[in-house]
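Trainee: Handing you a structure now.
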Amino acid sequence: MRNLKRPVAVAAAGLTLLALAAPASGSVLPGGDALSGGVLSGDRVLAPVQPWLSRQLDVLDAATPTTVLVHGTDLEAARSAVRAAGLTTNTTFDRIGVVVATGLPAQVQLVRSQPGVTYVEGNQPIAFSLATSNKATRGDEARSTLTGADGTSLDGKGVSVAVIDSGVDPTHPFLQNADGTSAVVKNLKMVCEPLTESTCAPVDAGSADTDLVSGGGHGMHVNGIVAGRDVTLSDGTKMHGAAPGASLVSISTGAVLFIIGADAALNWVLEHHDAPCGAGVPAAQCPPIKVTSNSYGPSGGGAFDPNSATVKLQRELVKDGVVTVWANGNDGGDGSQSMSNPPGMDPTPGIISVASFFDQNTGTRDGTVSDFSSRGKKGDLSTYPDISAPGEDITSSCRVYLPVCSTGLDPKDGGDYNTISGTSMATPHISGIVAQLFQANPSATPAQIEAAIESTAYKYADGAAYEGGDPNGTTSYDKGHGLVDVVAAAAAVK
Ligand SMILES: [Ca+2]
């Protein structure tokens, strides 16, 4: 049965992606080429261009505008270069010196020759990682037996998790606090139009449902897995998310499944994590963001690109004490090549990539690594996922009228809940657990959080052998260090 579900869900997302990607540049997906660039042209040295963009520039019509990320030695250098090349600025990522701009292929080539330009990156299409629990992680045991530095039960309280996804309905019953407020303390929608001259800007959606676009439903499910409150469904099922005390900052990437929308969301977190609801709103009401949850990426893996805006942004976030969590992808594999989601391969401590574990619907810790979970390349530890978390047959908040939710197996309560699978569902478990660990030790660094999770993982036996060579203990190309153990990780991080 589990083999039937995932392809259906993936097909739904694939349609969404293609429909949205078509006007831009077709559906070319990233490869694993080495960096090209530094080419001498006349007496000018051209800045290197991302391999994916390089292929796009070969096939794009000369009259078809495209959107790129111009990286400068600093913001002013990037701005000057964009002006000189005649590109139109859409938005800027100030701290990493990047200008997002649109122009014709010849203008993109021209910007490469401008002084102070270090890299030019394309606006690559991305897809949400799709496919489907909580006892297995010992998250419930941590909540009932442990307390945080604040003296309250370990449920993620005092921490906001930024979920970058298709959006959320803050009024969904799974996200309601006992006092009638929502777990969602900030609900943003990124409005980006990569092929126009409009800006790529966050709009505050208040309590509106931001998860209505095609492909919607994914974000609703992911937000619920992070921080769903205690509910009892009409069939008597009692459930909650990984961190039922954590707050949620939802950043909807909207209808545009391109990397700039997601990068703009990470950039917003970089600029607002200390006070996501504004300086005037107390942390007790709107806690600082300490972790971002990212269940998306290109299909089929690809090479790690240290020059990408995504990687620069997540490294700045680590410096500010914010952990980044990535779905490792749903491309399976056999270890002969890396199928892992590229930014999750960042060796910077505090960036965590998540494989999917199947607890056989029993809560056992001796389950299996999901068939669909992306494998790294055997022998190359840099490509291995970091940790496993439950990602198969996961029941969470849904809306049956949304495409992703309608692919689930078992709609409950009129479609308010459904069961789906994927590393997209494993990832928010880890994001919620990171919130629990920061509650246990608010002064922990992202590196300490990652080390605590990995060094205490439960070594379930399914799949590839565990190997040495990683500072946080033995690891494997299919399931990383093993299954997350919240009780043990909380003890390690204190
Ligand atoms: Ca890592």
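Just so you know, all these numbers are worked out from the coordinates, no wet-lab data involved. A quick note: this is a predicted structure, and the numbers were derived from the prediction, not measured. Using ideal geometry, Cβ is built from the backbone for each residue, glycine included, and neighbour counts are taken over all protein chains shown.
Trainee: Give the cross-link partners of Lys189 among the lysines, using a straight C-alpha distance below 24 Å as the criterion and excluding same-chain residues fewer than 8 apart.
Mentor: Partners found: Lys290, Lys312.
Trainee: Quick one, what does Rg over Rh come out to for segment 289-403 if you take C-alpha atoms and the Kirkwood Rh?
Mentor: Rg divided by Rh gives 0.99.
Trainee: Working from the pairwise distances between different alpha carbons, so that the mean of 1/r is found and then inverted, what is segment 241-334's Kirkwood radius in Å?
Mentor: When all Cα pairs of segment 241-334 are included, the Kirkwood radius is 14.8 Å.
Trainee: Can you list the HN-Hα couplings for segment 437-450, worked out from phi with the Karplus curve (6.51, -1.76, 1.60; θ = phi - 60°), rounded to whole Hz and with x for Gly and Pro?
Mentor: Those phi angles translate into 5, 5, 5, 5, 8, x, 9, 5, 8, x, 4, 5, 5, 4 Hz.
Trainee: Where does the chain land at 222 nm, in deg cm²/dmol rounded to the nearest 500, when only DSSP H runs of n ≥ 4 count, each adding -39500 (n - 2.57), divided by all residues?
Mentor: -8000 deg cm²/dmol
Trainee: What's the extension gain from Ala201 to Thr237 if we count 0.36 nm per residue and subtract their Cα-Cα distance?
Mentor: Here the answer is 9.0 nm.
Trainee: Another question about this same structure. Taking one equal scatterer on every alpha-carbon of segment 383-494, how large is log10 of I(q)/I(0) by Debye at q = 0.16 1/Å?
Mentor: Per q value, in the given order, log10 I(q)/I(0) is -0.78.
Trainee: Diagonalise the Cα gyration tensor of the chain and give the resulting equivalent ellipsoid semi-axes, square root of 5 times each eigenvalue, largest first, whole Å.
Mentor: 35, 24, 22
Trainee: Further question on the same structure: Report for segment 127-493 the percent antiparallel among DSSP-assigned beta bridges with both residues inside it, nearest 5.
Mentor: Restricted to segment 127-493, the bridges split so that about 40 percent are antiparallel.
Trainee: Return the whole-Å distance between the Cα centroid of segment 153-181 and the Cα centroid of segment 421-447.
Mentor: Taking the Cα centre of each part, segment 153-181 and segment 421-447 sit 14 Å apart.
Trainee: I've got another one for you. For the chain, build the charge dipole from Cβ charges (+1 Lys, Arg; -1 Asp, Glu) around the Cα centre, then report which of Ala489, Leu188, Val117 sits farthest towards its positive end.
Mentor: Val117
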